[in-house]
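Beneath this line is the structure, given in structure tokens, with notes to follow.
The values are calculated or read from the model by the stated rules, or taken from the named source; none is laboratory data. Everything numeric here is computed off the predicted structure, so don't read it as measured data. No Cβ is skipped: glycine too gets one built from the backbone with ideal geometry, and neighbour counts run over all protein chains shown.
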Amino acid sequence: MPVKEQAPQVATLIEKSSGKAQEGGDATLRLAYLGNLRRTLERSRVNPRIHLAGTVLINFTVGPSGQVLSREVKKSSGSKVLDEAAMAALERAAAFPPMPHDLTQGPLEVQVPFKFVTR
């Protein structure tokens with residue numbers, strides 16, 4: 001029986017509006033900062049040694065200095081191991097680089113889907 005290898009997880013960022021009016025926030029700066037968050041998360045990702053596939057949706061809030069203010073599993077993959085691997089990537093990545101001063105005055109809420117696949 002051939003051995004299945006765990007493919008690298010894929011993390012993409014989805015910015016979510018907090019419902020509050022965001023002051024400032026040049027779109028180019030925002031996209032650049034979100035790209036920086038994505039790269040930081042990708043360097044911190046964890047590949048569990050299991051043969052399960054699924055997507056975990058993590059929701060977290062980043063403060064202006066880059067600290068993670070809150071975090072939660074917004075949508076579980078159905079596997080505790082995959083959910084914990086996604087949260088572990090966030091824990092390793094924190095704290096993020098500070099936000100550019102022209103980006104926003106308040107925290108930034110971000111959703112990140114971590115996709116785990118088997119091959």
**OP:** Would you check if there is a residue in the stretch 42-57 being surrounded by 16 or more Cβ atoms within 10 Å (Cβ to Cβ), on the phi > 0 side of the Ramachandran plot and out of contact with any Gly (no Cβ under 7 Å at 6 or more places or on another chain)?
**Re:** no
Subject >> Criterion: modelled with pLDDT under 95, under 16 Å from VAL117 (Cβ atoms) and surrounded by 12 or more Cβ atoms within 10 Å (Cβ to Cβ) - qualifying residue of ALA32, ALA89, ALA95 >> reply: ALA89
Original post:
Right, GLY25: more than 11 Å from the chain's Cα centre (by Cα), in a loop (DSSP other than H, G, I, E, B), surrounded by 13 or more Cβ atoms within 10 Å (Cβ to Cβ) and modelled with pLDDT of 90 or more or not?
Top reply: no
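Here's the yes/no breakdown for (1) under 14 Å from ASN59 (Cβ atoms); (2) of a type outside the set (D, E, K, R); (3) out of contact with any Pro (no Cβ under 8 Å at 6 or more places or on another chain):
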| residue | (1), (2), (3) |
| --- | --- |
| VAL81 | no, yes, no |
| ALA85 | no, yes, no |
| ALA88 | no, yes, yes |
| PRO97 | no, yes, yes |
| PRO100 | no, yes, yes |
| VAL112 | yes, yes, yes |
| PHE116 | no, yes, no |
Subject >> Residue in the stretch 69-86 that is surrounded by the most Cβ atoms within 10 Å (Cβ to Cβ), counting only those that are in contact (Cβ under 8 Å) with a residue 24 or more places away in the chain and assigned to a loop (DSSP other than H, G, I, E, B) >> reply: SER77
Subject >> Count of residues meeting criterion [touching a Pro at 6+ places or on another chain (Cβ under 7 Å) and in contact (Cβ under 8 Å) with a residue 40 or more places away in the chain] in the stretch 57-68 >> reply: 5
**OP:** Report the residue count in the stretch 105-119 for those that are at pLDDT 85 or above and more than 10 Å from the chain's Cα centre (by Cα).
**Re:** 5
Original post:
If only one of ALA93, ALA88 is under 11 Å from the mean Cα position of the chain (by Cα) and over 24 Å from ALA27 (Cα atoms), which one is it?
Top reply: ALA88
